[in-house]
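Pasting in a structure now, in structure tokens, and then I'll have a few things to ask.
The values are calculated or read from the model by the stated rules, or taken from the named source; none is laboratory data. On a predicted model such as this, the values are computed, not experimentally measured, just so you know. Cβ placement follows ideal geometry from the backbone for every residue including glycine, while neighbour counts extend to all protein chains displayed. We work out accessible area using only protein heavy atoms, side chains counted, and drop any ligands, DNA or RNA first. Shrake-Rupley method; radii C 1.70, N 1.55, O 1.52, S 1.80 Å.
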Amino acid sequence: MNEQENFQQDPQEYILECRGVSKFFGGTHALEDVDFHVNKGQVHALVGENGAGKSTLMKIIIGLYKQDKGEVFFEGKPYTVNGPAEAIKAGISMIHQELNPEPYLSVAESIFLKREDTIGKSFLLNKKETNRKAAELLKQFNFDIDPKVLMEELTLAQSQMIEIIKAVSCNARLVIMDEPTSSLDSEETDRLFRTIRNLKEHGVTIIYISHRMEEIFEICDSYSVFRDGHFVGTGKVSEVTTNKLISMMVGRKFDNIFPKEEVEIGDVAFRVEGLSGKGFQDISFEVRHGEILGLSGLVGSGRSETMRAIFGMDPLTNGKIYLDEKEISIKNPREAISKGIAMINEDRKNYGLCLFRSLRENISLPNLESRQPGLLIDQTREKKECLDASTKLRVKTASIEADAFSLSGGNQQKIVLSKWIMAEPRVLIMDEPTRGIDVGAKAEIHALMCKFASEGMAIILVSSELPEVMGMSDRILIYHEGKLNGEVSRKEILDGTANQETILAKEFGGK
Amino acid sequence: MEKSQEKKILGMNQHDFSLFMKRYGIVFVMIGMFVILSVSSTKFLKMNNILNVLSTVALNGILAMGMVFVITAGGIDLSIGSLLALASTTIGIVLQATGNIPLSCIVAVAVCTFFGLLNGLLVAKFNMFPFVVTLASQLVIRGLGYVISGGYSFALANPKFSQIGLGKLFGVIPYPILILLGIAVISYLLLHWTKFGRYIYAVGGNINAATASGVNVFWTRVGSFVISGLFAGVAGIIMTARINAAQPNIGIGYETDAIAACVIGGTSFAGGISTIPGTMVGIIIIGLIYNGMNLIGISSYWQTISKGLLIIGAVMLDSFINKKR
Ligand SMILES: Nc1ncnc2c1ncn2[C@@H]1O[C@H](COP(=O)(O)OP(=O)(O)OP(=O)(O)O)[C@@H](O)[C@H]1O
Ligand SMILES: [Mg+2]
């Protein structure tokens, strides 16, 4: 740990301090002898590769895990809690990386879970008061949603917003945000940043975990870097560069985040005509062999909804789908897969993984029909193929037989990618494929996308991260309120006639 | 990487230890019971008694093997007790009419499989709760047993048929044990080595992810109930042969023992987690409870109570070990 660059500050000002914290899960050391401190009133970035131990440390702080070694101090006093509820009482709340919404609670009930209003001192719930307070909060956040709506009806981004509102409304003095923007679009991210600035003005300290470097530089004051369970260094954001930060994270030099290769673009591989369904109307587009088509738009503008319908997960009310210029019909994902269409769903927890099954079973699940023709599964072959797929993406795990549950968020996402990469589809739909993935691995995934494209795969990339869409796509279609509102080509981006602003303007309905 | 300061149990760190206990803890319970019983009763280790344990276990074992498919796929099958009765009466009628043993067995199994299919279709097609569907179908099935038998039990007086339940291979190993072993091997292969088994785990583990991965969720769910029905039919044959009579009132409460065996064997009620060897251990533990208490002379009332307590204990152990989930 020779790279340690402590910037000295008065320990009196530490709101949180961890000394020599270690945590082991069996053979894997998630954290080893970590010293970490945060100054009062700052927005402190916590960065590191997938599996570096960021979430684990935060879970220790709010009492979800118990450290094997080391101490935590909060506001100068030794601090131990037995769970999130106690942490909130002590003044610390957290937005989790993996959302855990209660599907059958209303938005209001969910925000005030475990701190419900009661009628007088009785045990009867005061629903009216809860709804009123929730409505007030939602208005404060400019979030237009009925507090009585059930959580299960919300999109991922909306549940994320609710989670944020919930954590912020606890009146905590320290708010931990574990990848809060991973499923938010630029507008919602701005809204979150306004909230963060507002909290800061009120003296609240924030620990901000993100893999999006731009965000760190926009909103954070100081940073700490973790690598492989070790604390690597800390400093002021104003005194560091992106490249420096990344090389601290990965422990080697690093450049070029979007290494797009130009490949030859072939015939039309996939075409849709006049698609309509819940949340989108009259969508027509085509993707060619070797082409990466980017879909951009605000969250809820109908991109994911269109993709889900194409993949047979939701019904289409209208429209035609052509594969290699032959009309096809897709009634369910099984048919789509058998025709060579694969889709990486944005919601890895609900649609991507069986959390309590092994990585091997998860990766091979969509590939059994095509790769295991025999009556019995050839487990040696299966193991080898899954291991190949997961090492290609450098999944950090003790063994391929480990439960998906035991992986860090970003590594879980890599498992979802592995399972579809192994399927070698002809058309690959990627909905937020790099959600929660660190910069290094992201570059590798982008390189992989280019390789697939060069082999003739047609790729549809949906991403809320504009730099990603702009860096990777040959063409970008822009969604606005369920309809297509313009197109931007790679040429226009390269020669500067189109940029982030022009695309955003189209996302908001402009020309 | 020194980690000498960790707490160690039996030379393993805590995490490995809890994993180990989760996987094999129940095996130790079984061995422990075995040791206690052999010390406290001289009769226990006699060959006769061991075979006796195994053949009483056979019936419940076959039912549990079916049940484990259903629970793993996220369901539950309460109708198997009634299916035993329906199988019994069906055999009685066919056997009396034709005297053809294989035919009567095939018809009984077919009828039970059909009702398994029906359960599965209702659950998968209309997305109804398995608990409710089988709670209702159980009544229908039992009623049918009474209807076709006219409500009467009748002796079969067919010594050849009763051999299925009472006969022994080489005069040593009772046939029911062999049938159980056969079914266990088939179940093991099905659940752990086939695509169908994988799909069962996926559907029970996360039905949305299974759908999005192209799994045929509909037929996987139906399939789990079909297997349960089929195995119940086989168990029905053995039971009928053993009492050598067709009775519409048998099999009441048998689903409890089957469910108990699954749960004790580490099957998660949330679905998606189970193993066939684990279930087998669960089956034997239940057999040991009955046998042990008989040997020690504890009344069957207390046996029922301790079985209930054991289920609660097993579930508690499970949620305790899995607390971090
Ligand atoms: N419950 C668990 N059981 C076993 N291993 C675990 C468990 N939770 C975390 N780990 C392991 O601990 C390490 C650190 O994980 P952690 O979730 O803290 O990473 P992270 O820095 O948050 O990564 P990401 O950016 O991907 O979210 C990983 O190697 C992970 O596999
Ligand atoms: Mg994390």
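Let me confirm something: among B:Gly287, B:Gly223, B:Gly271, which residue is open to solvent by less than 50 Å² (accessible area, probe 1.4 Å) and outside any helix (DSSP H, G or I)? Give the steps one after another, and end with the answer.
Values: B:Gly287 fails: outside any helix (DSSP H, G or I); B:Gly223 fails: outside any helix (DSSP H, G or I).
That would be B:Gly271, the only listed residue that is open to solvent by less than 50 Å² (accessible area, probe 1.4 Å) and outside any helix (DSSP H, G or I).
What is the number of the single condition among (1) surrounded by fewer than 18 Cβ atoms within 10 Å (Cβ to Cβ); (2) at pLDDT 85 or above; (3) among the aromatic types (Phe, Trp, Tyr); (4) out of contact with any Lys or Arg (no Cβ under 9 Å at 6 or more places or on another chain) that A:Phe73 does not meet?
(4)
Tell me yes or no: at least one residue of the range B:136-145 is open to solvent by 50 Å² or more (accessible area, probe 1.4 Å) and among the basic types (Lys, Arg).
Within the range B:136-145, none of the residues are open to solvent by 50 Å² or more (accessible area, probe 1.4 Å) and among the basic types (Lys, Arg).
Tell me, yes or no, whether the range A:428-447 has at least one residue that is more than 17 Å from A:Ser463 (Cα to Cα), within 14 Å of chain B (Cβ to nearest Cβ), out of contact with any Pro (no Cβ under 8 Å at 6 or more places or on another chain) and surrounded by fewer than 24 Cβ atoms within 10 Å (Cβ to Cβ). Show your work before the answer.
We begin by selecting, within the range A:428-447, every residue more than 17 Å from A:Ser463 (Cα to Cα); these are A:440.
Now drop any that are not within 14 Å of chain B (Cβ to nearest Cβ), which leaves none.
No, because not a single residue in the range A:428-447 is more than 17 Å from A:Ser463 (Cα to Cα), within 14 Å of chain B (Cβ to nearest Cβ), out of contact with any Pro (no Cβ under 8 Å at 6 or more places or on another chain) and surrounded by fewer than 24 Cβ atoms within 10 Å (Cβ to Cβ).
Another question, if that's okay. Tell me which residues, restricted to the range B:209-225, are touching a Phe, Trp or Tyr at 6+ places or on another chain (Cβ under 9 Å) and not small (Gly, Ala, Ser).
Matches in the range B:209-225: B:Thr211, B:Val215, B:Asn216, B:Val217, B:Trp219, B:Thr220, B:Phe225.
Consider only pairs whose beta carbons are under 6 Å apart and that are at least six residues apart or on different chains; among these, list those whose first residue lies in the range B:57-71 and is among the small types (Gly, Ala, Ser) and whose second residue is surrounded by fewer than 24 Cβ atoms within 10 Å (Cβ to Cβ).
Listed by first residue and then by second, the contacts come to B:Ala58/B:Ile177.
Here is a further query. For the range A:18-52, which positions are near ligand 1 (Cβ under 8 Å from one of its atoms) and open to solvent by less than 10 Å² (accessible area, probe 1.4 Å)?
A:Gly26, A:Leu31, A:Gly48, A:Ala52
Next up: Out of (1) within 14 Å of another protein chain (Cβ to nearest Cβ); (2) in contact with a Gly (Cβ under 9 Å, 6 or more places away or on another chain); (3) under 18 Å from A:Ile445 (Cβ atoms); (4) within 12 Å of ligand 1 (Cβ to nearest atom), what's the single condition that is false for A:Thr397?
(1)
So which helices (runs of 4 or more DSSP H) are wholly in the range A:226-344 and hold at least 3 residues that are farther than 30 Å from A:Leu57 by Cα and open to solvent by 20 Å² or more (accessible area, probe 1.4 Å)?
On the way: elements: A:242-250, A:303-310, A:333-338.
Counting at least 3 such residues, we get A:333-338.
Being more than 14 Å from chain A (Cβ to nearest Cβ) and open to solvent by less than 20 Å² (accessible area, probe 1.4 Å) narrows it down to one residue among B:Ala202, B:Ala212, B:Ala246; which is it? Show your work before the answer.
Details: B:Ala202 fails: more than 14 Å from chain A (Cβ to nearest Cβ); B:Ala212 fails: more than 14 Å from chain A (Cβ to nearest Cβ).
Within the list B:Ala202, B:Ala212, B:Ala246, the selection yields B:Ala246.
Given the criterion aromatic (Phe, Trp, Tyr) and part of a helix (DSSP H, G or I), identify the matching residue among B:Tyr152, B:Tyr188. Can you show your working first?
Numbers: B:Tyr152 fails: part of a helix (DSSP H, G or I).
After applying the criteria, what remains is B:Tyr188.
Something else now. Give the residue that is farthest from the chain's Cα centre (by Cα), with candidates limited to residues of the range A:160-181 that are within 16 Å of ligand 1 (Cβ to nearest atom) and not acidic (Asp, Glu). Lay out the reasoning, then the answer.
Initially, the range A:160-181 is screened for residues within 16 Å of ligand 1 (Cβ to nearest atom), giving A:160, A:163, A:176-181.
Of the ones still in play, those that are also not acidic (Asp, Glu) are A:160, A:176-177, A:180-181.
Values: A:Gln160: 10, A:Ile176: 16, A:Met177: 13, A:Pro180: 8, A:Thr181: 7 Å.
Checking each candidate, the answer is A:Ile176.
Let's see how each residue does on (1) within 16 Å of ligand 2 (Cβ to nearest atom); (2) within 14 Å of chain B (Cβ to nearest Cβ):
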| residue | (1), (2) |
| --- | --- |
| A:Val72 | no, no |
| A:Asn82 | no, yes |
| A:Ser93 | no, no |
| A:His96 | yes, no |
| A:Leu99 | yes, no |
| A:Glu102 | no, no |
| A:Val107 | no, no |
